[in-house]
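Have a look at this one.
The values are calculated or read from the model by the stated rules, or taken from the named source; none is laboratory data. Just so it is clear, the model here is predicted, and its values are computed rather than measured. So basically every Cβ, Gly included, is an ideal-geometry build from the backbone, and we count neighbours across all protein chains shown.
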Amino acid sequence: MMDMKTETWTAVAPVGLIIRQKDPNNLEMPFDQLSGFITPSELFYIRSHFPVPQLDPAAFRLSIRGAVWNELSLSYADIRAMHSRTGVATLECAGNSRVFLAPPVPGAQWELGAVGNAEWTGVPLSALLEIAGLADDVCDIVLQGADRGVPKEEPKPPGVISYARSIPRARATEPDVLIAYQMNGRDLTPDHGYPLRAIVPGHYGMSSVKWLTDIVATTRPFQGYWQTSDYGYWDDSEGIPVRRPLAEMKLKSQIARPRVYERLQPSRPYTIFGVAWAGDTDVTEIWISLDGGASWVQGDFVDPIRRHAWRRWKYDWITPAQPGRYTLLARATGADQRTQPDGHNPNFGSYVIDHPLPIEVFVAAL
Ligand SMILES: Nc1nc2c(c(=O)[nH]1)N[C@H]1C(S)=C(S)[C@@H](COP(=O)(O)O)O[C@H]1N2
Ligand SMILES: [Mo]
(Lines give C-alpha, C1' and ligand atoms only; values in the text may rest on other atoms or scores of the structure.)
(Ligands and ions follow the chains in the order given, each with its own letter.)
Protein backbone atom coordinates (compact mmCIF):
# COMPACT_ATOMS: atom_id res chain seq x y z
CA MET A 1 0.00 0.00 0.00
CA MET A 2 1.15 3.51 -0.69
CA ASP A 3 2.14 5.61 2.26
CA MET A 4 0.24 8.82 1.68
CA LYS A 5 2.67 10.82 3.81
CA THR A 6 5.40 10.37 1.23
CA GLU A 7 3.30 11.96 -1.51
CA THR A 8 4.29 15.36 -2.81
CA TRP A 9 0.77 16.74 -3.10
CA THR A 10 -1.02 18.20 -0.11
CA ALA A 11 -4.00 16.20 1.08
CA VAL A 12 -7.13 18.33 1.40
CA ALA A 13 -9.85 17.48 3.91
CA PRO A 14 -13.07 16.36 2.18
CA VAL A 15 -15.25 19.38 1.62
CA GLY A 16 -18.11 17.35 0.19
CA LEU A 17 -19.50 16.76 -3.24
CA ILE A 18 -19.73 19.10 -6.23
CA ILE A 19 -23.29 19.96 -7.23
CA ARG A 20 -24.13 19.27 -10.87
CA GLN A 21 -27.87 19.43 -10.26
CA LYS A 22 -29.94 20.03 -7.13
CA ASP A 23 -33.47 18.48 -6.84
CA PRO A 24 -32.95 15.72 -7.56
CA ASN A 25 -29.42 15.43 -6.19
CA ASN A 26 -26.77 14.89 -8.84
CA LEU A 27 -23.46 15.34 -7.09
CA GLU A 28 -19.94 14.30 -7.95
CA MET A 29 -16.76 13.68 -6.05
CA PRO A 30 -13.99 16.28 -6.31
CA PHE A 31 -11.75 13.66 -7.87
CA ASP A 32 -8.46 15.27 -6.87
CA GLN A 33 -9.33 14.13 -3.32
CA LEU A 34 -8.93 10.48 -4.26
CA SER A 35 -7.03 8.74 -1.49
CA GLY A 36 -7.96 5.23 -0.26
CA PHE A 37 -9.02 2.17 -2.22
CA ILE A 38 -12.55 2.59 -0.86
CA THR A 39 -14.37 5.82 -1.62
CA PRO A 40 -15.80 7.18 1.67
CA SER A 41 -19.61 7.21 1.44
CA GLU A 42 -19.69 10.99 1.98
CA LEU A 43 -17.59 11.40 -1.19
CA PHE A 44 -19.42 8.82 -3.32
CA TYR A 45 -21.23 10.46 -6.25
CA ILE A 46 -25.03 10.59 -6.33
CA ARG A 47 -26.96 10.23 -9.56
CA SER A 48 -30.75 10.27 -9.25
CA HIS A 49 -33.32 10.95 -11.97
CA PHE A 50 -36.28 11.59 -9.66
CA PRO A 51 -36.77 12.78 -6.09
CA VAL A 52 -35.77 10.30 -3.39
CA PRO A 53 -38.81 8.18 -2.45
CA GLN A 54 -39.53 8.00 1.28
CA LEU A 55 -39.70 4.30 2.17
CA ASP A 56 -40.66 3.10 5.64
CA PRO A 57 -38.63 -0.04 6.41
CA ALA A 58 -41.45 -1.35 8.64
CA ALA A 59 -43.99 -1.26 5.79
CA PHE A 60 -41.49 -2.04 3.02
CA ARG A 61 -42.04 -5.07 0.75
CA LEU A 62 -39.80 -6.45 -1.97
CA SER A 63 -41.92 -8.24 -4.57
CA ILE A 64 -40.49 -11.01 -6.75
CA ARG A 65 -42.87 -12.06 -9.49
CA GLY A 66 -43.40 -12.63 -13.21
CA ALA A 67 -42.35 -15.96 -14.74
CA VAL A 68 -41.50 -17.62 -11.42
CA TRP A 69 -42.94 -20.70 -9.68
CA ASN A 70 -43.37 -19.00 -6.30
CA GLU A 71 -44.09 -15.30 -6.11
CA LEU A 72 -42.44 -13.75 -3.08
CA SER A 73 -43.17 -10.70 -0.98
CA LEU A 74 -40.36 -10.10 1.49
CA SER A 75 -40.07 -7.57 4.28
CA TYR A 76 -36.92 -5.60 4.99
CA ALA A 77 -36.48 -7.76 8.12
CA ASP A 78 -36.76 -10.93 5.98
CA ILE A 79 -33.92 -9.68 3.76
CA ARG A 80 -31.75 -8.67 6.71
CA ALA A 81 -32.20 -12.13 8.24
CA MET A 82 -30.94 -13.94 5.14
CA HIS A 83 -27.37 -15.07 4.54
CA SER A 84 -25.42 -12.04 3.31
CA ARG A 85 -22.42 -11.49 1.11
CA THR A 86 -20.03 -8.53 0.95
CA GLY A 87 -18.10 -7.41 -2.11
CA VAL A 88 -16.23 -4.40 -3.45
CA ALA A 89 -17.45 -2.92 -6.71
CA THR A 90 -16.67 0.22 -8.70
CA LEU A 91 -19.73 2.09 -9.97
CA GLU A 92 -19.26 4.55 -12.79
CA CYS A 93 -22.10 6.61 -14.19
CA ALA A 94 -22.22 6.03 -17.95
CA GLY A 95 -22.08 9.81 -18.43
CA ASN A 96 -18.97 10.31 -16.28
CA SER A 97 -16.42 12.72 -17.86
CA ARG A 98 -19.01 14.10 -20.28
CA VAL A 99 -17.48 17.56 -19.87
CA PHE A 100 -14.49 16.28 -21.90
CA LEU A 101 -16.61 15.79 -25.04
CA ALA A 102 -16.10 18.39 -27.76
CA PRO A 103 -18.36 19.82 -29.06
CA PRO A 104 -20.28 19.89 -25.76
CA VAL A 105 -23.32 17.62 -25.43
CA PRO A 106 -26.42 18.06 -23.27
CA GLY A 107 -26.72 16.23 -19.96
CA ALA A 108 -25.09 16.64 -16.56
CA GLN A 109 -21.58 18.01 -17.16
CA TRP A 110 -19.75 15.44 -15.06
CA GLU A 111 -16.02 15.90 -14.71
CA LEU A 112 -14.08 12.92 -13.27
CA GLY A 113 -16.07 12.33 -10.10
CA ALA A 114 -19.11 10.29 -11.17
CA VAL A 115 -17.25 7.11 -10.22
CA GLY A 116 -16.51 5.48 -6.88
CA ASN A 117 -15.44 2.22 -5.33
CA ALA A 118 -17.37 0.90 -2.33
CA GLU A 119 -17.94 -2.21 -0.29
CA TRP A 120 -21.51 -3.47 -0.61
CA THR A 121 -23.34 -5.93 1.65
CA GLY A 122 -26.60 -7.68 0.87
CA VAL A 123 -28.34 -10.83 -0.25
CA PRO A 124 -27.27 -12.35 -3.56
CA LEU A 125 -30.04 -11.85 -6.12
CA SER A 126 -29.37 -15.46 -7.15
CA ALA A 127 -30.53 -16.68 -3.70
CA LEU A 128 -33.87 -14.88 -4.10
CA LEU A 129 -34.33 -16.15 -7.66
CA GLU A 130 -33.55 -19.67 -6.45
CA ILE A 131 -36.36 -19.51 -3.88
CA ALA A 132 -38.76 -17.99 -6.40
CA GLY A 133 -37.82 -20.57 -9.06
CA LEU A 134 -37.36 -19.15 -12.56
CA ALA A 135 -39.39 -20.60 -15.42
CA ASP A 136 -37.25 -22.20 -18.13
CA ASP A 137 -37.94 -19.48 -20.69
CA VAL A 138 -37.03 -16.50 -18.48
CA CYS A 139 -34.57 -14.25 -20.32
CA ASP A 140 -34.47 -10.99 -18.32
CA ILE A 141 -34.73 -9.94 -14.69
CA VAL A 142 -36.29 -6.49 -14.38
CA LEU A 143 -35.29 -4.40 -11.36
CA GLN A 144 -37.71 -1.60 -10.52
CA GLY A 145 -37.29 1.25 -8.06
CA ALA A 146 -39.92 3.16 -6.08
CA ASP A 147 -38.92 6.54 -7.54
CA ARG A 148 -41.21 8.02 -10.18
CA GLY A 149 -41.40 11.04 -12.44
CA VAL A 150 -41.29 12.30 -16.02
CA PRO A 151 -37.85 11.89 -17.63
CA LYS A 152 -36.15 14.98 -19.04
CA GLU A 153 -34.57 13.45 -22.12
CA GLU A 154 -36.45 12.99 -25.40
CA PRO A 155 -38.31 10.99 -26.49
CA LYS A 156 -40.31 11.44 -23.30
CA PRO A 157 -42.92 8.88 -22.32
CA PRO A 158 -46.49 10.24 -22.14
CA GLY A 159 -46.60 10.40 -18.35
CA VAL A 160 -45.01 9.42 -15.08
CA ILE A 161 -42.77 6.34 -15.09
CA SER A 162 -40.63 4.56 -12.55
CA TYR A 163 -36.93 3.82 -12.80
CA ALA A 164 -36.45 0.24 -14.06
CA ARG A 165 -33.66 -1.68 -15.76
CA SER A 166 -33.24 -5.31 -16.70
CA ILE A 167 -30.20 -7.56 -16.58
CA PRO A 168 -29.90 -10.76 -18.58
CA ARG A 169 -30.76 -13.97 -16.73
CA ALA A 170 -27.19 -15.30 -16.99
CA ARG A 171 -25.80 -12.20 -15.23
CA ALA A 172 -28.64 -11.99 -12.68
CA THR A 173 -27.98 -15.53 -11.45
CA GLU A 174 -24.26 -15.02 -10.80
CA PRO A 175 -23.57 -14.87 -7.05
CA ASP A 176 -21.94 -11.42 -7.00
CA VAL A 177 -25.09 -9.49 -7.99
CA LEU A 178 -26.46 -8.17 -4.71
CA ILE A 179 -29.68 -6.85 -3.27
CA ALA A 180 -27.68 -4.57 -1.00
CA TYR A 181 -28.63 -2.83 2.23
CA GLN A 182 -25.21 -1.62 3.32
CA MET A 183 -22.50 0.54 1.77
CA ASN A 184 -19.07 0.65 3.41
CA GLY A 185 -20.40 -1.12 6.51
CA ARG A 186 -23.36 1.18 7.17
CA ASP A 187 -27.00 1.08 6.13
CA LEU A 188 -27.59 2.79 2.79
CA THR A 189 -28.33 6.51 2.95
CA PRO A 190 -31.56 7.74 1.29
CA ASP A 191 -29.57 9.17 -1.67
CA HIS A 192 -27.86 5.82 -2.29
CA GLY A 193 -31.08 3.78 -2.26
CA TYR A 194 -32.28 3.10 1.29
CA PRO A 195 -33.53 0.61 2.24
CA LEU A 196 -32.52 -1.70 -0.66
CA ARG A 197 -30.70 -1.37 -3.95
CA ALA A 198 -29.27 -3.67 -6.56
CA ILE A 199 -25.53 -3.81 -7.14
CA VAL A 200 -24.50 -5.21 -10.51
CA PRO A 201 -20.67 -5.34 -10.40
CA GLY A 202 -19.01 -4.50 -13.70
CA HIS A 203 -22.01 -2.64 -15.12
CA TYR A 204 -22.33 1.11 -15.51
CA GLY A 205 -24.15 2.55 -12.52
CA MET A 206 -27.55 2.63 -14.23
CA SER A 207 -28.02 -1.14 -13.67
CA SER A 208 -27.67 -0.81 -9.90
CA VAL A 209 -31.29 0.17 -9.26
CA LYS A 210 -31.86 2.10 -6.03
CA TRP A 211 -34.98 1.99 -3.79
CA LEU A 212 -35.61 -1.46 -5.25
CA THR A 213 -39.19 -2.69 -4.69
CA ASP A 214 -39.89 -5.08 -7.58
CA ILE A 215 -38.00 -7.89 -9.26
CA VAL A 216 -39.86 -9.20 -12.30
CA ALA A 217 -38.80 -12.22 -14.39
CA THR A 218 -39.74 -11.79 -18.06
CA THR A 219 -39.78 -14.24 -20.97
CA ARG A 220 -39.10 -11.53 -23.54
CA PRO A 221 -36.32 -8.93 -23.62
CA PHE A 222 -37.38 -5.95 -21.51
CA GLN A 223 -37.61 -2.72 -23.56
CA GLY A 224 -38.14 -0.09 -20.87
CA TYR A 225 -37.32 3.60 -21.25
CA TRP A 226 -34.04 3.38 -19.29
CA GLN A 227 -32.48 0.90 -21.69
CA THR A 228 -33.90 2.06 -25.01
CA SER A 229 -34.52 5.83 -25.09
CA ASP A 230 -31.94 6.44 -22.38
CA TYR A 231 -28.83 4.41 -21.48
CA GLY A 232 -28.80 2.71 -24.86
CA TYR A 233 -26.32 2.77 -27.74
CA TRP A 234 -26.16 1.94 -31.43
CA ASP A 235 -24.53 -1.42 -32.09
CA ASP A 236 -23.44 -1.50 -35.74
CA SER A 237 -21.33 -4.65 -35.50
CA GLU A 238 -23.75 -6.60 -37.73
CA GLY A 239 -24.23 -4.06 -40.51
CA ILE A 240 -27.66 -2.65 -39.67
CA PRO A 241 -27.35 -0.58 -36.49
CA VAL A 242 -29.55 -1.76 -33.62
CA ARG A 243 -30.31 -0.09 -30.33
CA ARG A 244 -28.98 -2.04 -27.35
CA PRO A 245 -28.89 -1.37 -23.62
CA LEU A 246 -25.60 -0.18 -22.13
CA ALA A 247 -24.26 -2.79 -19.74
CA GLU A 248 -20.59 -3.53 -18.87
CA MET A 249 -18.30 -0.62 -18.11
CA LYS A 250 -15.50 -0.11 -20.62
CA LEU A 251 -11.87 -0.18 -19.60
CA LYS A 252 -10.95 3.30 -18.35
CA SER A 253 -8.33 5.19 -16.38
CA GLN A 254 -8.40 8.61 -14.78
CA ILE A 255 -5.77 10.93 -13.41
CA ALA A 256 -6.84 12.28 -10.01
CA ARG A 257 -3.70 14.35 -9.37
CA PRO A 258 -2.59 16.66 -10.78
CA ARG A 259 -6.00 18.16 -11.49
CA VAL A 260 -6.90 20.13 -14.61
CA TYR A 261 -4.98 23.44 -14.76
CA GLU A 262 -2.97 22.64 -11.64
CA ARG A 263 0.20 24.71 -11.40
CA LEU A 264 3.35 22.68 -10.74
CA GLN A 265 6.86 23.74 -9.80
CA PRO A 266 9.54 22.99 -12.43
CA SER A 267 12.14 20.22 -11.88
CA ARG A 268 10.43 18.75 -8.82
CA PRO A 269 9.31 15.24 -7.92
CA TYR A 270 5.55 14.90 -8.35
CA THR A 271 3.59 11.68 -7.96
CA ILE A 272 0.88 11.42 -10.59
CA PHE A 273 -1.94 9.45 -9.01
CA GLY A 274 -5.06 7.86 -10.42
CA VAL A 275 -7.27 4.80 -10.86
CA ALA A 276 -8.20 2.36 -13.60
CA TRP A 277 -11.07 -0.10 -13.85
CA ALA A 278 -12.93 -2.33 -16.27
CA GLY A 279 -16.30 -4.05 -16.42
CA ASP A 280 -15.49 -7.37 -18.01
CA THR A 281 -11.74 -7.81 -17.78
CA ASP A 282 -8.94 -7.06 -15.31
CA VAL A 283 -6.71 -4.00 -15.62
CA THR A 284 -3.14 -5.21 -16.11
CA GLU A 285 -1.11 -2.21 -17.29
CA ILE A 286 -1.19 1.54 -16.90
CA TRP A 287 0.63 3.89 -19.26
CA ILE A 288 1.11 7.61 -18.73
CA SER A 289 1.92 10.28 -21.28
CA LEU A 290 3.53 13.54 -20.16
CA ASP A 291 3.58 15.09 -23.62
CA GLY A 292 0.01 14.92 -24.91
CA GLY A 293 0.29 11.36 -26.23
CA ALA A 294 3.60 11.59 -28.16
CA SER A 295 5.30 9.10 -25.82
CA TRP A 296 4.21 6.82 -22.99
CA VAL A 297 5.80 5.50 -19.78
CA GLN A 298 4.52 2.76 -17.55
CA GLY A 299 3.05 3.51 -14.12
CA ASP A 300 2.87 1.25 -11.06
CA PHE A 301 -0.24 -0.16 -9.48
CA VAL A 302 -0.95 0.52 -5.83
CA ASP A 303 -3.72 -2.09 -5.54
CA PRO A 304 -3.72 -5.72 -6.64
CA ILE A 305 -6.17 -7.05 -9.26
CA ARG A 306 -9.60 -7.55 -7.75
CA ARG A 307 -12.42 -8.26 -10.16
CA HIS A 308 -14.86 -5.34 -10.53
CA ALA A 309 -12.89 -3.07 -8.19
CA TRP A 310 -10.67 -0.28 -9.43
CA ARG A 311 -6.89 -0.27 -9.06
CA ARG A 312 -5.12 2.83 -7.88
CA TRP A 313 -1.86 3.56 -9.69
CA LYS A 314 0.96 6.10 -9.52
CA TYR A 315 3.85 7.42 -11.50
CA ASP A 316 6.80 9.26 -9.94
CA TRP A 317 7.46 12.17 -12.25
CA ILE A 318 10.14 14.84 -12.24
CA THR A 319 8.33 17.88 -13.59
CA PRO A 320 9.95 19.54 -16.65
CA ALA A 321 12.54 22.27 -16.16
CA GLN A 322 10.99 24.18 -19.04
CA PRO A 323 7.97 26.23 -17.91
CA GLY A 324 4.87 25.85 -20.03
CA ARG A 325 1.65 24.02 -20.60
CA TYR A 326 1.75 20.20 -20.52
CA THR A 327 -0.93 17.64 -21.29
CA LEU A 328 -0.98 14.46 -19.22
CA LEU A 329 -2.87 11.33 -20.26
CA ALA A 330 -3.39 7.88 -18.79
CA ARG A 331 -4.23 4.77 -20.76
CA ALA A 332 -4.96 1.35 -19.28
CA THR A 333 -4.56 -2.09 -20.82
CA GLY A 334 -6.75 -5.05 -19.91
CA ALA A 335 -6.04 -8.74 -19.43
CA ASP A 336 -7.79 -9.19 -22.79
CA GLN A 337 -4.91 -7.15 -24.36
CA ARG A 338 -7.29 -4.36 -25.28
CA THR A 339 -6.54 -0.76 -24.52
CA GLN A 340 -8.60 2.42 -24.25
CA PRO A 341 -9.65 3.86 -27.65
CA ASP A 342 -8.13 7.08 -29.06
CA GLY A 343 -11.43 8.94 -29.04
CA HIS A 344 -15.08 8.81 -28.11
CA ASN A 345 -17.25 6.46 -30.16
CA PRO A 346 -20.33 8.43 -31.34
CA ASN A 347 -22.42 5.22 -31.30
CA PHE A 348 -22.55 5.75 -27.53
CA GLY A 349 -24.05 9.25 -27.81
CA SER A 350 -23.27 11.22 -24.67
CA TYR A 351 -22.28 8.08 -22.74
CA VAL A 352 -19.21 5.81 -22.43
CA ILE A 353 -16.47 8.44 -22.40
CA ASP A 354 -13.61 5.95 -22.19
CA HIS A 355 -10.77 7.51 -24.17
CA PRO A 356 -7.68 8.91 -22.38
CA LEU A 357 -8.78 12.22 -20.88
CA PRO A 358 -6.37 15.15 -21.28
CA ILE A 359 -5.26 16.78 -18.03
CA GLU A 360 -3.61 20.09 -18.84
CA VAL A 361 -1.23 21.49 -16.26
CA PHE A 362 1.03 24.53 -16.05
CA VAL A 363 4.65 24.23 -15.07
CA ALA A 364 5.78 27.56 -13.67
CA ALA A 365 7.98 28.78 -10.85
CA LEU A 366 5.81 30.36 -8.15
N1 LIG B 1 -34.24 3.85 -8.69
C2 LIG B 1 -33.16 4.44 -9.29
N3 LIG B 1 -32.01 3.74 -9.35
C4 LIG B 1 -30.93 4.29 -9.92
C5 LIG B 1 -30.97 5.59 -10.49
C6 LIG B 1 -32.20 6.32 -10.40
O7 LIG B 1 -32.31 7.46 -10.85
N8 LIG B 1 -33.27 5.69 -9.79
N9 LIG B 1 -29.84 6.10 -11.10
C10 LIG B 1 -28.92 5.11 -11.63
C11 LIG B 1 -27.68 5.66 -12.13
S12 LIG B 1 -27.76 6.39 -13.66
C13 LIG B 1 -26.50 5.53 -11.46
S14 LIG B 1 -25.05 6.05 -12.16
C15 LIG B 1 -26.46 4.93 -10.12
C16 LIG B 1 -25.83 5.89 -9.12
O17 LIG B 1 -25.80 5.35 -7.84
P18 LIG B 1 -25.42 6.30 -6.61
O19 LIG B 1 -26.33 7.49 -6.66
O20 LIG B 1 -25.57 5.48 -5.38
O21 LIG B 1 -23.99 6.70 -6.84
O22 LIG B 1 -27.75 4.59 -9.63
C23 LIG B 1 -28.59 4.04 -10.60
N24 LIG B 1 -29.78 3.57 -9.95
MO1 LIG C 1 -25.61 6.91 -14.30
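Just for region 93-110: of the residues that are outside any helix (DSSP H, G or I) and hydrophobic (A, V, I, L, M, F, W, C), which one is surrounded by the most Cβ atoms within 10 Å (Cβ to Cβ)?
Of everything passing the filter in region 93-110, ALA94 is surrounded by the most Cβ atoms within 10 Å (Cβ to Cβ).
Going by the structure shown, is TRP110 hydrophobic (A, V, I, L, M, F, W, C), within 16 Å of ligand 2 (Cβ to nearest atom) and within 22 Å of the chain's Cα centre (by Cα)?
The answer is yes for TRP110.
Out of GLY122, GLY116, report the one residue that is in a strand (DSSP E or B), within 16 Å of ligand 2 (Cβ to nearest atom) and in the same structural domain as MET206 (by TED's automatic domain parsing).
Within the list GLY122, GLY116, the selection yields GLY116.
Here's another thing I want to ask about it. Quick one: which of SER208, SER237 is under 16 Å from GLU92 (Cα atoms) and either at pLDDT 95 or above or assigned by TED's automatic domain parsing to the domain that holds CYS139 (or both)?
Testing whether each residue is under 16 Å from GLU92 (Cα atoms) and either at pLDDT 95 or above or assigned by TED's automatic domain parsing to the domain that holds CYS139 (or both) leaves just SER208.
Which ones in region 192-215 are near ligand 1 (Cβ under 9 Å from one of its atoms), over 12 Å from ILE167 (Cα atoms) and either surrounded by fewer than 19 Cβ atoms within 10 Å (Cβ to Cβ) or of a type in the set (A, V, I, L, M, F, W, C) (or both)?
TRP211, LEU212
Restricting to strands (runs of 3 or more DSSP E) lying wholly in region 280-366: which have 2 or more residues that are closer than 22 Å to CYS93 by Cα?
Passing ranges, in order: 283-289, 311-318, 324-334.
Being within 22 Å of SER48 (Cβ to Cβ) and not assigned by TED's automatic domain parsing to the domain that holds GLY274: is that true of GLU130 here?
Taking the combined requirement at face value, the residue does not satisfy it.
For region 105-152, name all the residues that are within 12 Å of ligand 1 (Cβ to nearest atom) and at pLDDT below 95.
Passing the criteria: GLY107, ALA108, PRO151, LYS152.
Looking at ALA102, ALA58 in this structure, which one is more than 23 Å from ILE215 (Cβ to Cβ) and without any contact (Cβ under 8 Å) to a residue 60 or more places away in the chain?
That would be ALA102, the only listed residue that is more than 23 Å from ILE215 (Cβ to Cβ) and without any contact (Cβ under 8 Å) to a residue 60 or more places away in the chain.
Each row is one residue, and each column tells you yes or no for (1) surrounded by fewer than 20 Cβ atoms within 10 Å (Cβ to Cβ); (2) closer than 28 Å to MET29 by Cα; (3) of a type outside the set (Phe, Trp, Tyr).
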| site | (1), (2), (3) |
| --- | --- |
| SER73 | yes, no, yes |
| ARG85 | yes, yes, yes |
| VAL88 | yes, yes, yes |
| LEU91 | no, yes, yes |
| LEU112 | no, yes, yes |
| ALA118 | no, yes, yes |
| ILE131 | yes, no, yes |
